[in-house]
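Everything on this sheet refers to the single structure shown next.
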Amino acid sequence: MLDFISEKQDCWEFLQDTELPVFIYGMGDGALKIMKVFEEYGIPVAGFFASDEFVRGHTFEGHLVHTLSQIESLIDDFVIVLAFAAGYKSLYVRINALAERHTLVAPDVPIAGDGIFTYRYCLENAEKIQAVYDMLADDISRRTYADVINFRISGKIKYLNDCTSPREEVYESLIPLSENDVFVDMGAYRGDTVEEFISASGGTYKRIYAFEPNPKNFRRLSENFSGNENIILLNAAAGSKKDIVRISAGEGRMAHLSSSGKTVEIPVITADEAVPEQASVIKIDVEGDERQALTGSRKHISGGAKILCSLYHRNEDIFELPLLIKEMSPCREFYIRHHLYIPAWETNLYVK
């Protein structure tokens, strides 16, 4: 069981054991999460650095933030811990070039939920992880699944390099479209995936239902698609039952649950209730609430809707979400792809 997992040493154990100084590359939430794990493991931080254009006398957590060139002029060999996400090509290339000059790890810390993804965690969930591997429909999916898990254990970006697939493949082969599709977009943000669907369908779709809870993002979404009677916009969160939730009011892709600071109340509705016609394609990227959104879409899923679903917000998503869909609709084909991103934040499940 789990023969496809080759990495047995967690990146945290590697950082704990190394005799080289460890520098964190980046500032912000990612760095804070990593530092919290460092404290648990007793990993010392030699310092912080940022890209040259961002360093202007900054300090972070009591440390002066340096440039990479400053550190390289003083220290020959050190370990770099990447503490931010790279989701576009030029930055991705820059990080890979950096990894050729120094040992670089990109620790996996969950966007939502607690705990960290370790080899021990895999062993604790071995049966579920193996069950997902065994039900995947093609070799690319199995290789991607293995590479992503090995990356999440080790933080070695070579695994993501090896399994990155082009986005164009999604609608070309994984989720084939037909005329008069009904597309349900849960986590529509400002409409980027709505636009992708419209383009891929050639404009022949029947209707689009777009859920977006964040009011500022929803206003931009409305501006982008106002006047189109075939696009139904819902300022609501997709969930497993009707409810009300308080979210942070700040602008951004992620609408975090919040109990403090500036918040707004947003309705939670299910896709089964909000979408009266059978959905043919469902996309779910709801910042850690994918299980609830899937549960609230049971009618559409059991009715045969194709699915695009994020697998990276919570540690357990990579095995729990495929198994949940399998339970709802057993006779389906399951594919996993990772699109260009460090860390594994664009690892998605495709079900047809």
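We did not get these values from a lab; they are worked out from the coordinates using the rules stated. Since the structure is predicted, the reported quantities are computational estimates derived from the model, not experimental observations. Using ideal geometry, Cβ is built from the backbone for each residue, glycine included, and neighbour counts are taken over all protein chains shown.
Lysine pairs in segment 169-351 whose alpha-carbon atoms fall under 25 angstrom of each other, counting only those eight or more residues apart or on distinct chains, come to 22. When the Cα convex hull of segment 169-351 is projected onto planes of every orientation, the mean area is 10.1 nm². Normalised radius of gyration (Cα atoms, divided by 2.2 N^0.38 Å) for segment 1-121: 1.09.
Highest mean packing first, where packing is the average number of other Cβ atoms within 10 Å per residue, the peptides 139-145, 196-202, 318-324 line up as 318-324, 139-145, 196-202. Model label sites at Lys33 and Met1, defined 7 Å from Cα along the beta-carbon direction, differ in position by 2.8 nm. Based on every Cα atom in segment 194-253, Rg and the maximum pairwise Cα distance Dmax equal 13.0, 37 Å. Can you pull a Stokes-Einstein diffusion coefficient for the chain at 4 °C (1.567 mPa s), Rh from Kirkwood over Cα pairs, as a whole number of µm²/s? Value of D from the Cα-based Kirkwood radius: 60 µm²/s. With a simple spin-label model that places each label point 7 Å from the Cα along the Cα-to-Cβ direction, the separation between Arg120 and Ser226 comes to 5.5 nm. With contacts taken as Cα pairs under 8 Å and at least 6 residues apart, the chain reaches a relative contact order of 18 percent. Based on Cα contacts under 8 Å between residues 6+ apart, segment 1-89 shows a relative contact order of 36 percent. Taking all Cα pairs closer than 8 Å and separated by 6 or more residues, the relative contact order of segment 98-194 comes to 24 percent.
Derived scalar couplings between HN and Hα for segment 63-76 equal 9, 6, 8, 9, 8, 4, 5, 5, 5, 5, 6, 9, 10, 6 Hz in order, rounded to whole Hz, by the Karplus curve 6.51 cos²θ - 1.76 cosθ + 1.60 (θ = phi - 60°), x for Gly and Pro. With θ taken as phi - 60° and the coefficients 6.51, -1.76 and 1.60, list the Karplus ³J(HN,Hα) couplings across segment 32-49 in order, rounded to whole Hz; mark glycine and proline as x. Working through the residues one at a time gives 5, 5, 5, 4, 4, 6, 3, 4, 5, 8, x, 8, x, 9, 6, x, 10, 9 Hz. Placing +1 on the Cβ of every Lys and Arg and -1 on the Cβ of every Asp and Glu, with nothing else charged, gives the chain a dipole about its Cα centre of roughly 780 debye.
Size descriptor for segment 302-352, Kirkwood hydrodynamic radius: 11.3 Å (Cα pairs only, one decimal).
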